[in-house]
Amino acid sequence: MSTQAPTTRRRWSWILVAVVVVAVIIALLAVHFASSGETPTARPTTSRSAPTSPPPADSKPTGCLGGPSRDAAMVLSAEKLAPHTTNGAVEVATAFVRWLNQYPYPSASTYAAIEKNGLANSAPTQDLSAFFGGDPNLSGGLVPDATSYYLSTVPGVFHVESSSMDSVSVSIGTGLVVQGALSPTLRGSITVTVHWERGSWKFVSSKGVRTTEDLYSIGTPFTAGC
C-alpha cells in the first residue's frame, strides 16, 4: 500500500505505539500500528490450521507452529518443532510475538518455563515477572488499559531482515484482535532476533525497524496463521 496513493482512496496514519525499555528480558520493544481509512474485508480470527507436528523439510512459515494457543507451551512447542533453518527461526520468532503481546498478560505460572527454555543466553536478562509487573500497555495506548487484546497472524506477513546459520532477524506483521474481534484497520510491525542455542531457536530481542505500511508492502504472507 503506497503512501503515494490518492488520499481519497486510502490514508495511513502512523503511530509509534510502544517503546518499552526493559533491563531484563527485552532491551527494546517497539510496535508500529497503522490505521486505514478504508475498511478491508474482515478475516477470520481463528487459525486456518494449527501445526503441532514437525513441518515438511523447511516449508514456508505458517505463523502458527506450536498451535493456536498463546501460552508458554505453544512457544516451547514451536521451538521443539522448528528446524535449524531461516524458516524455522521465523516460526519461533512469531510464536514469541504472539505469546508476549496480549492482555490479560501471559500467566505468571508460565514465566519460569520461558525464562529457562525460551530465551537466548544473550537476552538482556530473564526476569519476566519484573517486565509484566510494570503493567505495560504493549499496544501503546491503541487499546485502553485493561482491555483484552492479542495479535493474530491470520492477516500476517514476515520479512527476513538478516540471516546466518545461527542468527536470524525477522520483521513480523500481525493483525490486532480487540475483545475477540479482528480489527479491519489495525496492523502491527515488530522485528525479532533469535539465535540457535541448545538445539533450538531462542528469543534474543525485539525492536521497531519498519513501519507497518512498509512491512506489508514487502512482506510474505504466512501460509496458515492463528
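Just so it is clear, none of the values below were taken in a lab; they were calculated from the coordinates. Everything numeric in this text was worked out from a predicted model, so none of it was measured. Please note: Cβ atoms are built from the backbone with ideal geometry, for glycine as well, and neighbour counts cover all protein chains shown.
Across the stretch 90-97, computed HN-Hα scalar couplings (Karplus, 6.51 cos²θ - 1.76 cosθ + 1.60, θ = phi - 60°) run 4, 4, 5, 4, 5, 4, 5, 4 Hz from first to last residue, x flagging Gly and Pro.
For the stretch 100-200, the residue among Ser107, Gly141, Gly156 whose Cα projects farthest onto the positive side of the dipole built from Cβ charges is Gly156.
For the stretch 209-226, putting each phi into the Karplus relation 6.51 cos²θ - 1.76 cosθ + 1.60 with θ = phi - 60° gives couplings of 10, 10, 5, 4, 4, 4, 4, 5, 7, 10, x, 9, x, 5, 7, 10, x, 6 Hz, in residue order, rounded to whole numbers and with x for Gly and Pro.
Annotation: amide H of Phe158 within the under-5 Å range of Gly173, Thr220, Phe222, sequence separation 5 or more or interchain, hydrogens built in the peptide plane.
In order along the stretch 130-140, the phi-based Karplus estimate (6.51 cos²θ - 1.76 cosθ + 1.60, θ = phi - 60°) of 3J(HN,Hα) comes to 5, 4, 6, x, x, 6, x, 8, 6, 8, x Hz; Gly and Pro are listed as x. For Val170, Val209, the sequence from fewest to most other C-beta atoms within 10 Å is Val209, Val170. Per-residue Cβ neighbour counts within 10 Å put Phe222, Phe132 in the sequence Phe132, Phe222, beginning with the fewest. Using the Cα coordinates of the stretch 83-193, the gyration tensor eigenvalues translate into equivalent-ellipsoid semi-axes of 23, 20, 11 Å, sorted from longest to shortest. Going from the residue with the fewest nearby Cβ atoms within 10 Å to the one with the most, Trp99, Trp196, Trp201 rank Trp196, Trp99, Trp201.
Partner lysines whose Cα lies under 18 Å from the Cα of Lys116, excluding those fewer than 8 positions away in the same chain, are identified as Lys80, Lys202.
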